[in-house]
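Shown next, in structure tokens, is the structure this report addresses.
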Amino acid sequence: MQKKARRRKRPAPCRSIEIIIEGLGARGDGVARDDDGRPVHVPGALPGEKWRADLAGGKVLRAEMLRSSPLRRAPFCPHYQGCGGCRAQHLAEDFYGEWKRDMVRQALSRAGLAMVDVAPLYRLRGEGAGRRRVEWALLRDRAGQVKLGYRQRGSHHVVDIGECAIVEADIAALIAPLKGLAAALLQPGEQGGCRITLSDSGTDLLLKLPRLPDLEERERLTAFARARDCARLCVQTGAEMPETVLQQRQPLVRFCGVAVPIPPDCFLQASRAADRVLAELAGLSSAGGREGTMAADLFSGVGTFSFALHRAGARVLACEADEAAVAAMQAGINRAQLGNIAVSRRDLFRQPLLVDELNRFSCVLFDPPRAGAREQVETLAASKVAEVIAISCNPASFARDMAILVGGGYRLERVVPVDQFPYSRHVEVVARLSRGA
């Protein structure tokens, strides 16, 4: 049977238009309207600017700025144009803060909470404000050249970097050595990645490789870790569990003075300053403020907020689904010989705390993944818990969860956006709710 020839799809016709940028989208793109009133998204454009854009199928193929905006400033990073990381470096300081604040306001408005006041963006500054963990792609191209960096926006292309201004200096110092290591581990055409975490006891390095290293490569990895004084170096292939190649010291992170031995590929707040600031904004920075209070820390991870609640005088139950995180937190508790703090392994998406369980607590804090905590929030809304502290990295799921709680009788008292991921399109949110009278 003869197969029919497949019709080639005709390319969309290209047209050139001049547009005025009206606003800034959630991804940091300038937003305008074409002649038919349809939205046009122009990367790197700012409100008030005039651009000429070549469009095909509603997408911008090329764009040229004809008139600049006073809201624009010069990016500080030489990799800004190609790198997919810090997309908002070109925004003037005040406008940048309002843009991120407005993300939260708009999300709340879409959820029916337009009247909620949102505080100005809290900027992380000073010691410890640089990223303490980062993930970079690694590629050795067909010509044998190694690239290390972030992936270009909307593509798998690796933008090779020689420096990175948003990470702590000890991480940036590893860029050149890691390229040399990758040249020895990757064959031409192979790619991998690395995740670096600065623990309080040294660098925790996880290399993601296309295949397990042989004996000679393991010796090279060991020598690299010793020369760089890494606390731990692990390798991972595909979805396999990380394998430790060398551990010179247990990677530790301290929360309120409690040393927690973190597992490889562990989730942490992006910077050391974020641990402190988020706890302060959640009202957990001072000791003795919650003497004898029963508190639950849901989606607790390795205990960022559990130990802050404990320091403030609360008796704490921490709930977390990840087995390694639970074991790490328990080890920290045992080492510090802490009382009044317990850890439970529990998947709160599949098995949220029920109303009767929640009613034991006067305070519940939750910090879920980007998807939010709908299942848990629905039972929380029906509970008698007096105080709820919500922390989120996604304004959309945060607003949805807040609407559920407000619908259940909670009063949203305070919402603070936090710039935990500077110059990116991401914003953290901290909120406090209490039961209405």
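Read-outs: derived from the displayed coordinates by stated rules, not from any lab. Nothing here was measured: the structure is a model prediction, and the numbers come from that model. All Cβ positions, even for glycine, are placed from backbone atoms using ideal geometry, and neighbour counts span all protein chains on display.
Here is how the numbers come out for the structure above:
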{"read-out": "Neighbour-count ranking [beta-carbon atoms within 10 angstrom, fewest first] of Thr244, Thr203", "value": "Thr244, Thr203"}
{"read-out": "Pair Arg411, His157: separation of 7 Å Cα→Cβ label points (nm)", "value": "5.4 nm"}
{"read-out": "Additional length obtainable on full extension of the chain from Glu18 to Glu64, 0.36 nm per residue less Cα span", "value": "15.6 nm"}
{"read-out": "The chain - mean residue ellipticity at 222 nm from DSSP helices (-39,500 (n - 2.57) per run, n ≥ 4, rounded to 500)", "value": "-7000 deg cm²/dmol"}
{"read-out": "Cα gyration tensor, the range 133-247 - rounded (a/c under 1.5), prolate or oblate", "value": "oblate"}
{"read-out": "Arg370 paired with Ala382, simple spin-label distance in nm, labels 7 Å along Cα-to-beta-carbon", "value": "3.1 nm"}
{"read-out": "Overall dimensions of the range 16-67 by Cα: Rg and Dmax, Å", "value": "9.4, 25"}
{"read-out": "Furthest towards positive pole of dipole, Pro417, Phe349, Ala396, structure part the chain, Cβ charges", "value": "Ala396"}
{"read-out": "Cα shape, the chain, gyration tensor, a/c 1.5 rule", "value": "oblate"}
{"read-out": "Pairwise FRET efficiency - Glu291 versus Arg27, Cβ, R0 = 60 Å, nearest 0.05", "value": "0.85"}
{"read-out": "Order of His426, His90 under a 10 Å beta carbon neighbour criterion, fewest first", "value": "His426, His90"}
{"read-out": "Added length on full extension, which subtracts the Cα-Cα distance from 0.36 nm per residue, Ala183 to Arg254", "value": "22.1 nm"}
{"read-out": "All-pairs alpha carbon distance profile, the range 274-338, 10 Å steps from 0, percent", "value": "24, 53, 23, 0"}
{"read-out": "Shape call, the range 234-277: gyration tensor on alpha carbons, a/c limit 1.5", "value": "oblate"}
{"read-out": "Order of Met402, Met115, Met103 under a 10 Å beta carbon neighbour criterion, fewest first", "value": "Met115, Met103, Met402"}
{"read-out": "Length-normalised contact order of the chain in % [C-alpha pairs under 8 Å, at least 6 apart]", "value": "12 percent"}
{"read-out": "Among beta bridges that DSSP assigns inside the chain, antiparallel share in %, nearest 5", "value": "70 percent"}
{"read-out": "Spacing of the two label points (7 Å from each Cα toward its C-beta) at Glu323 and Met115, in nm", "value": "5.0 nm"}
{"read-out": "In the chain, lysine pairs closer than 27 Å at Cα, eight or more apart or cross-chain", "value": "7"}
{"read-out": "Within the chain: Cβ-based charge dipole about Cα centre, in debye rounded to nearest 20 (Lys, Arg +1; Asp, Glu -1)", "value": "1440 debye"}
